[in-house]
Structures are given as C-alpha cells and as structure tokens.
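The structure follows.
The values are calculated or read from the model by the stated rules, or taken from the named source; none is laboratory data. Every value quoted in this text rests on a predicted model; they were computed, and no experiment measured them. Backbone-built Cβ (ideal geometry, glycine too); neighbour counts: all protein chains shown.
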Amino acid sequence: MQPILEIDGLSKHFQLHEQNKLIPSCANVHLQASAGQLTALIGPTGAGKSSVLKCVYRTYLPSSGRMLYRDGEGHRTDLAQASEHRMLALRQHDIGFVTQFLHCLPRRSALDVVCEPLVAQGMTHQTARKRARELLSLLNVPERLWGVPPATFSGGEKQRINLARGLIARPRLLLLDEPTASLDPTTTERVIELIHSIKTEGVAMLAIFHQTELVLRLADHVVELTPPLAVSDILETCTS
Ligand SMILES: Nc1ncnc2c1ncn2[C@@H]1O[C@H](COP(=O)(O)OP(=O)(O)O)[C@@H](O)[C@H]1O
Ligand SMILES: [Mg+2]
C-alpha cells in the first residue's frame with residue numbers, strides 16, 4: 001500500500017532579520033504516514049516536532065525538502081510547493097490538525113466550534129450538532145459548557161473542545177500535537193479508544209505524545225528527531 005504522506009529532507013528555519021540570525025526549527029526530516037497507521041514523532045523539547053506538523057499543515061512554509069501527499073484519487077501534491085488555494089481545499093476535506101492550543105473565534109459556542117469542520121464539508125447544522133453532542137459527552141465536557149464560547153474554559157476543557165473539533169470529521173490525514181497533555185486519566189483512555197477506532201476507519205495519523213506510554217500503545221512507526229544545530233554552533237564546532 002502506498003503511503004498517504006512521504007516527507008523527504010524537510011527542513012525549516014526562521015530568519016531573524018533584526019539580529020541577522022537563522023533559527024533552525026527542524027532539519028532533514030524523513031518520514032511516512034499510511035492509511036490506518038499512526039506515525040509518532042519523538043524527541044526532546046525543541047527538536048522540531050511541532051514544526052514538522054505545522055509544515056505539513058502549511059502553518060509554516062518549509063525552507064527545503066518535499067512533502068508528497070497522495071489524495072483519494074491518487075493525485076500527488078508536494079505540500080511544500082502547493083498553492084494557498086490547494087492548501088485551503090486540503091484542510092477542508094483531507095487534512096485535520098489537533099493543535100496544542102485552541103484557536104477559535106471568541107463569540108462562537110463550544111458546540112458550534114466543534115461542528116465547524118462538518119458544516120464546512122456540507123453537513124446540515126442539525127446533524128453536525130447531534131454528532132458534536134455525542135463527542136462532547138464522550139470526552140466528558142459538562143453539558144452546561146456546550147453553549148458557551150471556549151475562550152474562558154480551563155486548559156483541560158479547551159483541549160477537549162480542540163480534540164472534539166479535530167476528531168469529529170474523518171480526514172484522510174490527521175495531525176495530533178500532544179492531544180492528551182492536559183487531560184485526566186479517564187478522558188485520556190477515551191481519547192486512546194477514539195484514536196484506535198479512527199485508525200480502523202483508515203485515517204493516517206502523524207502524532208506527538210508527551211507520554212512515552214502512549215507512543216508504545218498507539219504508534220505503528222516511530223520517528224526520532226534530534227534538535228537541529230544552530231549555525232553558530234556549527235561554526236563553533238569547526239573552529240574549536
Ligand atoms: N515561529 C517560530 N519562530 C522562531 N523560531 C521558532 C518558531 N517555531 C519554532 N521555532 C524554533 O524551532 C525550535 C523547535 O520548535 P518546535 O517545533 O516547537 O519543537 P518541539 O515541538 O519538538 O518542542 C524551537 O527551539 C524554536 O526556537
Ligand atoms: Mg511541540
């Protein structure tokens with residue numbers, strides 16, 4: 001079976017013009033993600049794990065490398081080169097992202113924030129809301145919060161909304177950045193069950209977990225990243 005995503009030699013650095021500095025965020029990353037399998041990214045803080053997911057979703061524009069994405073019709077797109085228009089379409093139908101922090105419009109209710117991906121795909125509000133209610137109860141979000149905008153929620157509550165929003169639709173490729181970092185053990189177990197069932201539905205996942213135990217339980221492939229060397233470090237090594 002062909003992978004859904006193949007990343008080759010992906011690197012990203014940031015240029016700080018004021019200080020004339022290059023900050024590397026991930027360097028020479030190779031990995032694959034396939035339908036029904038989970039690829040886990042591991043490595044210390046600062047190794048560039050989140051940056052890889054952001055490059056795939058094109059929150060960040062990669063500095064070099066290829067990220068070949070294969071869609072349902074077998075067409076291949078290099079996400080490093082794709083137009084903004086193509087990326088918008090892929091985000092709507094193909095690629096989902098549960099980011100580390102919830103970003104949403106301040107005045108939308110939690111229920112509508114969760115429904116949004118389904119409505120964007122053309123589902124009626126009524127059906128989307130029914131699915132959202134089921135998922136919010138599964139993730140232990142108290143019913144009194146469903147009609148309230150998540151802006152004032154606690155970290156754990158926000159994370160549940162973020163997860164529900166990411167897991168409600170079934171993208172072909174799902175990116176997960178520490179999805180259980182601020183959840184209690186019971187909710188974490190429910191999320192693990194959800195991830196298992198999403199896998200059996202054929203979704204490819206690229207995920208970062210902060211507990212090694214979750215990597216052992218969920219990952220089919222593990223890719224280790226090491227922190228990229230800064231240019232100044234390289235110069236120091238050469239001259240010392
Ligand atoms: N938007 C950004 N601007 C400048 N530097 C960044 C940015 N995003 C990430 N970095 C740098 O890239 C490095 C890797 O960050 P990140 O991908 O968040 O690592 P990880 O998720 O493995 O902890 C960090 O040390 C940070 O300095
Ligand atoms: Mg991170």
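Pull up the stretch 1-18, narrow it to residues that are more than 17 Å from the chain's Cα centre (by Cα) and acidic (Asp, Glu), then point me to the one that is farthest from His221 (Cα to Cα).
Step by step, filter the stretch 1-18, then rank; the result is Glu18.
For the stretch 35-53, check the following and say yes or no: at least one residue is buried (at least 21 other Cβ atoms within 10 Å of the Cβ), touching a Lys or Arg at 6+ places or on another chain (Cβ under 8 Å) and among the small types (Gly, Ala, Ser).
There is at least one residue in the stretch 35-53 that is buried (at least 21 other Cβ atoms within 10 Å of the Cβ), touching a Lys or Arg at 6+ places or on another chain (Cβ under 8 Å) and among the small types (Gly, Ala, Ser).
So, in the stretch 172-183, how many residues would count as being modelled with pLDDT of 90 or more and away from ligand 2 (no atom under 16 Å from the Cβ)?
Qualifying residue count for the region: 3.
Within the stretch 162-181, restricting attention to residues that are in a loop (DSSP other than H, G, I, E, B) and more than 16 Å from ligand 1 (Cβ to nearest atom), which residue is nearest to Arg131 (Cα to Cα)?
Ala169
Taking the condition aromatic (Phe, Trp, Tyr) and within 16 Å of ligand 2 (Cβ to nearest atom), does Phe153 pass?
no
If I ask for residues that are closer than 17 Å to His85 by Cα, touching a residue at least 60 places away in the same chain (Cβ under 8 Å) and within 16 Å of ligand 2 (Cβ to nearest atom), which ones from the stretch 51-73 would you list?
Val56, Tyr57
Condition first: within 16 Å of ligand 2 (Cβ to nearest atom), under 23 Å from Arg144 (Cβ atoms) and either under 16 Å from the mean Cα position of the chain (by Cα) or small (Gly, Ala, Ser) (or both). Can you find one or more residues in the stretch 207-225 that meet it?
Within the stretch 207-225, not a single residue is within 16 Å of ligand 2 (Cβ to nearest atom), under 23 Å from Arg144 (Cβ atoms) and either under 16 Å from the mean Cα position of the chain (by Cα) or small (Gly, Ala, Ser) (or both).
On to the next question. Here are some residues: Gln211, Gln159. Which one is farther than 14 Å from Gln100 by Cβ and either crowded, with 23+ Cβ neighbours inside 10 Å or within 16 Å of ligand 1 (Cβ to nearest atom) (or both)?
The conditions single out Gln211.
Give the number of residues within the stretch 137-156 that are assigned to a helix (DSSP H, G or I), surrounded by 18 or more Cβ atoms within 10 Å (Cβ to Cβ) and touching a Lys or Arg at 6+ places or on another chain (Cβ under 8 Å).
So the answer is 1.
Go through the stretch 95-121 residue by residue and tally those that are within 16 Å of ligand 2 (Cβ to nearest atom) and of a type in the set (S, T, N, Q).
2
Here's another thing I want to ask about it. Among the residues of the stretch 124-134, which ones are surrounded by fewer than 21 Cβ atoms within 10 Å (Cβ to Cβ) and not β-branched (Val, Ile, Thr)?
His125, Gln126, Arg129, Lys130, Arg131, Arg133, Glu134
Picking from Thr77, Thr99, which residue would you name as being closer than 27 Å to Ser34 by Cβ, modelled with pLDDT under 95, surrounded by 13 or more Cβ atoms within 10 Å (Cβ to Cβ) and of a type outside the set (A, V, I, L, M)?
Thr99
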